[in-house]
Amino acid sequence: MNSAVTSIKLVLLGEAAVGKSSIVLRFVSNDFSENKEPTIGAAFLTQRVNINDNTVKFEIWDTAGQERFASLAPMYYRNAQAALIVYDVTKPQSFIKARHWIKELHEQANKDMIIALVGNKVDVLENNEDERKVAREEGEKLAEEEGLLFFETSAKTGLNVTETFVAIGEKIPLKTAGDQETDSNGVAISDEQRIDLANSGNAAGQTAGCSC
Amino acid sequence: MLSPERRPSMAERRPSIFAHALTPLVVPHLAGIEDPLPATTPEKVDVLIAGSGMVESVLAAALAWQGSTVLHIDKNDYYGDTAATLTVDQIKRWVNEINDGKIPYYENAKLYVSTEIGNGKYNSRDFGIDISPKILFTKSDLLSILVKSRVHQYLEFQSLSNFHTYENDSFEKLTNTKQEIFVDQKLPLMTKRNLMKFIKFVLNWEEQPEIWKPFAEKSIAEFLIEKFKLERAQVFELIFSIGLCYNIETKVPEALQRIRRYLTSFDVYGPFPVLYSKYGGPGELSQGFCRSAAVGGATYKLNETLVSYNATTKEAVFADGSKVSVMEKVIMSPTQVNQNSKNVPEQPYQIHRLTCIVEKDCKEWFSEGESAAMVVFPPGSLKSGNKQVVQAFILGAGSECCPSGTSIWYMSTTEQGVRAEMDLDAALEAMELSILRESSTDLENDNDIVQFGMNGQTVVNSVRLGQSFKEYVPREKVHFLCKLYYTQYTSTPPFGVVDPSLFEKNVVSDKFIPGASDNGVLYTSMPSAEISYDEVVTAAKVLYEKIVGSDDDFFDVDFEDDDDTQAGPADNSNYENAIDDEDEDDDMGMGKNESTEFVGEMEI
Ligand SMILES: Nc1nc2c(ncn2[C@@H]2O[C@H](COP(=O)(O)OP(=O)(O)OP(=O)(O)O)[C@@H](O)[C@H]2O)c(=O)[nH]1
Ligand SMILES: [Mg+2]
């Protein structure tokens, strides 16, 4: 059985340094970095996962710092079918910021967006529960009130990272082979209508022509 | 060639990053910084850019990837500035600000909005209205940069293949392809041959000076008629629809370049010459470039106004009292100035625009599966006796710029002064009549104008579109949801926009004017009337060179990571590549399918 790939645009939100990029790095390349390189790079990463015989391709958008001065572009939210709102369980301020992002998403984004609230850095608590500044119950309660998925994760150990993405994937209507294209009201990204600028007919023809 | 004054590149300035760039990475660096960044602007940057229009955004991304630290601000609370895509509510605000004199270089804004938007069946946010709409030729410098920078991944592009010319009260669909030219029953054989001869010439016109040099100072119309014996209808199509020229006086070399632009773009991605981006045009593209710049390390701050810059102390001061030291240059859009800005280049040219949202899907004008069309009104084709062309860019709901059942009509003219609005009104009237006639159900059963396609489906054919509607009296009226008139000023004349010298002279002011808040500031150009994006890269490169010293590494980015899509684009900057060996195949296009080359389709 050959099922179609469903593309899901997922955006990351959360206070600076809560571990947004680290969660993506863990999910995409099962890696973690303690070092302090500045955030540069593509900020648009893809990862495929198989969920119940279907393939889901996540297109993951990182904020690239534009949120710092409330300057996220409408393009960022547009057609996003999923969002991760991340806070740091050791930083209460970041939980307050998470509430702000939930509100922002309700205003700006698509109504059927699947949102996961993620309390990151739980590995820090392993040796020292005192570091916890946001109770698990607080996170759960907020998620329940707002209808969000909820996970406590560690990008460092990998705890619950893949689980978060899989849970999102499971909630999104999947495209099966032969599905009609849907209007872009939040369902699947319709790759068929897009003209991919990186693949012009001519360019492909010219490079493929030489088999030597 | 590296010029001696060239600033060190990213590699030279950030050795640690360079070291990483050498080892191919599976994923780019994603590790962040230990401490949250303070929510204040940096103390020191290389370049400060005010205004987030197309040129500024492309420049910001180019500089960020080159390794400059960039602070990019806009006094508005939205991205795009002169290139913005706005909702209806934002348009209302924008119009008020223009009329309050708060947005320089725009004037005479008049707006009608139906109560159905906001209180009725439509929301303000259902619409994305471009204040300077653009189309993208598939062979163009901007397209290569979109691919190279990967900004195209943030965007969705759709094709536009229908170019209509308005003549004798009717819309004539452009005969686009060689096949169409050959099957076109209305074209006499001789005309077909002459047309083909010209098309063959124009693809390599620069190498054949003996043909065009004697006409170099003459108008393109004279050249086409005298040298290629073309008929008026073909001449008009070539000059105004294919070339998108603004008047009949357009000089030969410039017109040839513009005609070739269309022809070489045809069939790069499919049987169409241009693309447009979904959800909005330059407003989306500028957001994409800003995002790219941010990923490359630029800092973004909307709602921030630059109050003054002191070239001696290098201090820039903002309206909120914050300050930043700018080591290299301050770049500013003319719209972002304040009352003490005294060095803004003159903006002598007017562009008049009329933008309408109509409650009609206008699919009659679109090619099957598409949602956009261009309609060109050549000089003298309108009731108003227009001397300049009126260009209309039509977007349907498939563009996601407007809800289904509606469309946006963008009309513009380079006519100056009061005549301009008369021309726009005349064009609007012609379009109204045309769409009413073409969408009218009265005509449904008329066999003459309905054609059957290969699989028996009905196709709206060009004969139908081409019929005169002189006699036609519509029973209904086009319902307008929104109507917006405005005038924009620019320093860029509406021709030759790929010539860097046009932008050079605008940019720098060597003068030191006492009391000015902008001595030493480099200004960007306001968008010209050009409907394509063709001026953007040229203008951005002129500025880039002024800052960095050379444009050698303009978007010289090499992403090591990657993802499944990078097949490597064609080198879009090289026209010659796409149009060589034209003499091989002389058999009227037989075997055209064997060649993936564009010329396979076009030559005789
Ligand atoms: N102990 C621990 N540290 C983490 C975890 N996730 C991230 N970090 C560290 O937290 C710091 C910030 O992580 P980033 O992933 O850069 O955070 P961010 O949210 O992307 O930050 P910005 O891009 O600045 O908004 C880095 O030093 C990471 O190594 C985690 O799960 N546990
Ligand atoms: Mg990050």
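Computed from the coordinates by the stated procedures, all read-outs in this text should not be read as laboratory data. If you're wondering where the values come from, they're calculated on a predicted model, not measured in any experiment. Every residue, glycine as well, gets a Cβ built from its backbone with ideal geometry; the counts of neighbours run over all protein chains shown.
Quickly work out the B:K229-to-B:E429 label distance, labels modelled 7 Å from Cα along the C-beta direction, and quote it in nm with one decimal.
4.0 nm
Given a Förster distance of 56 Å, report the FRET efficiency between A:R99 and B:E346 from their Cβ-Cβ distance, rounded to the nearest 0.05. Present the calculation step by step, with values, prior to reporting the outcome.
On the way: r = 51 Å, r/R0 = 0.91.
With a Förster radius of 56 Å, E is 0.65.
In sequence order, what are the phi-derived ³J(HN,Hα) couplings for segment B:223-233 according to the Karplus relation 6.51 cos²θ - 1.76 cosθ + 1.60 with θ = phi - 60°, rounded to whole Hz, with x for glycine and proline?
Using θ = phi - 60°, the values come out as 4, 5, 6, 6, 7, 10, 6, 7, 7, 3, 4 Hz.
Within straight cross-link reach of B:K134, meaning Cα distance under 16 Å, which lysines are found once same-chain residues fewer than 8 apart are removed?
Cross-link targets: B:K278.
Once R0 is set to 60 Å, what does the formula 1/(1 + (r/R0)^6) return for the Cβ-Cβ distance between B:N338 and A:N127, expressed as a FRET efficiency to the nearest 0.05?
Details: r = 56 Å, r/R0 = 0.93.
My answer for the efficiency is 0.60.
If you stretched the chain out fully between A:R48 and A:K141, how much longer would it get, using 0.36 nm times the residue separation minus the C-alpha to C-alpha distance? Please list the in-between numbers first.
Numbers: separation 93, 0.36 × 93 = 33.48 nm, distance 3.06 nm.
Full-extension gain reported as 30.4 nm.
So how do B:519-531, B:191-203, A:56-68 stack up, highest first, on mean other-Cβ count within 10 Å?
The peptides rank, most packed first, as B:519-531, A:56-68, B:191-203.
Near B:I531, within a Cβ-to-Cβ distance under 13 Å, what is the net charge of the other residues, with Lys and Arg +1 and Asp and Glu -1?
Values: positive: B:K134, B:R258, B:R261, B:R353; negative: B:D130, B:E530, B:D534, B:E535.
Neighbour charge sum, excluding B:I531 itself: 0.
Take the residue pairs B:K44/B:K329; A:K20/A:K141; B:K75/B:K148; B:K251/B:K541; B:K301/B:K511; B:K360/B:K477 and return only those whose Cα atoms are more than 18 Å apart. Show your work: numbers first, answer last.
Numbers: B:K44/B:K329 12 Å; A:K20/A:K141 22 Å; B:K75/B:K148 29 Å; B:K251/B:K541 26 Å; B:K301/B:K511 29 Å; B:K360/B:K477 10 Å.
Flagged as over cut-off: A:K20/A:K141; B:K75/B:K148; B:K251/B:K541; B:K301/B:K511.
At B:E43 and B:K121, where each label point lies 7 Å from the Cα along Cα→Cβ, what is the point-to-point distance in nanometres?
Rounded to a tenth, the inter-label distance reads 6.0 nm.
List, in order, the whole-Hz ³J(HN,Hα) value for each residue of segment B:156-163 obtained from phi through the Karplus relation with A = 6.51, B = -1.76, C = 1.60 and θ = phi - 60°; use x for Gly and Pro.
Values, residue by residue: 10, 10, 10, 8, 10, 10, 8, 10 Hz.
Restrict the search to segment B:50-127; then list the trypsin sites (Lys or Arg not before Pro) that DSSP places in a loop and that have at most 15 other Cβ atoms within 10 Å of their Cβ. Write out the running numbers ahead of the final one.
Numbers: sites: B:K75, B:K92, B:R93, B:K102, B:K110, B:K121, B:R125; in loops: B:K75, B:K102, B:K121.
Those satisfying the criteria are B:K102, B:K121.
Around B:M332, which amide H atoms from residues at least 5 apart in sequence, or from another chain, sit under 5 Å from its own amide H, with H modelled in the peptide plane?
B:A50, B:L522, B:Y523, B:T524
Using θ = phi - 60° and the Karplus form 6.51 cos²θ - 1.76 cosθ + 1.60, what ³J(HN,Hα) does each residue of segment A:22-27 get, whole Hz, x for Gly and Pro?
5, 5, 5, 4, 5, 5
Given R₀ = 60 Å, FRET efficiency for A:D31-B:E222 by Cβ-Cβ distance, to 0.05? Could you put the intermediate results ahead of the total?
Working: r = 67 Å, r/R0 = 1.11.
Working from the Cβ atoms, E equals 0.35.
Can you list the residues, at least 5 places off or on another chain, whose amide H is less than 5 Å from the amide H of A:S7, using H built in the peptide plane?
Answer set, sorted by chain and number: A:K57, A:I189.
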